[in-house]
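This report refers to the structure that appears directly beneath it.
Read the figures in this text as sums done on the coordinates, not as results from a lab. This structure is a prediction, so every number in the text was calculated from the model and none was measured. Neighbour counts run over all protein chains shown; Cβ positions are idealised from the backbone, glycine included.
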Amino acid sequence: MHQFDKLPDSAFVRQSQLLGSVLPFSGTTLWRMVKEAKFPLPVKLGAGVTAWRVGTVRAWLREREASAQKVIVGVDS
């Protein structure tokens with residue numbers, strides 16, 4: 001089990017904690033997706049400290065999984 005899985009939904013995670021282990025893309029792609037509203041906006045916690053709420057990232061991942069399942073079901077039909 002990954003450390004992310006053990007965190008409560010109310011916890012915050014930084015970019016370095018997400019990339020490579022939770023999200024399969026680069027920092028450049030992450031910020032492009034944020035800019036295009038394809039990934040949740042982070043929370044500014046202080047000067048130079050930006051993070052995402054774990055529950056928000058989990059919800060986004062569930063939505064992506066559900067969308068992928070709909071595509072697979074649509075192809076099989």
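Values for this structure:
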quantity	calculated
The range 16-64, subset within 22 Å of Lys6 (Cβ to Cβ) and of a type in the set (Gly, Ala, Ser), residue surrounded by the most Cβ atoms within 10 Å (Cβ to Cβ)	Ala51
Cross-chain or 6+ apart pairs with Cβ under 7 Å, the range 5-33 first and over 13 Å from Arg58 (Cβ atoms), then surrounded by fewer than 11 Cβ atoms within 10 Å (Cβ to Cβ)	Ser21/His2
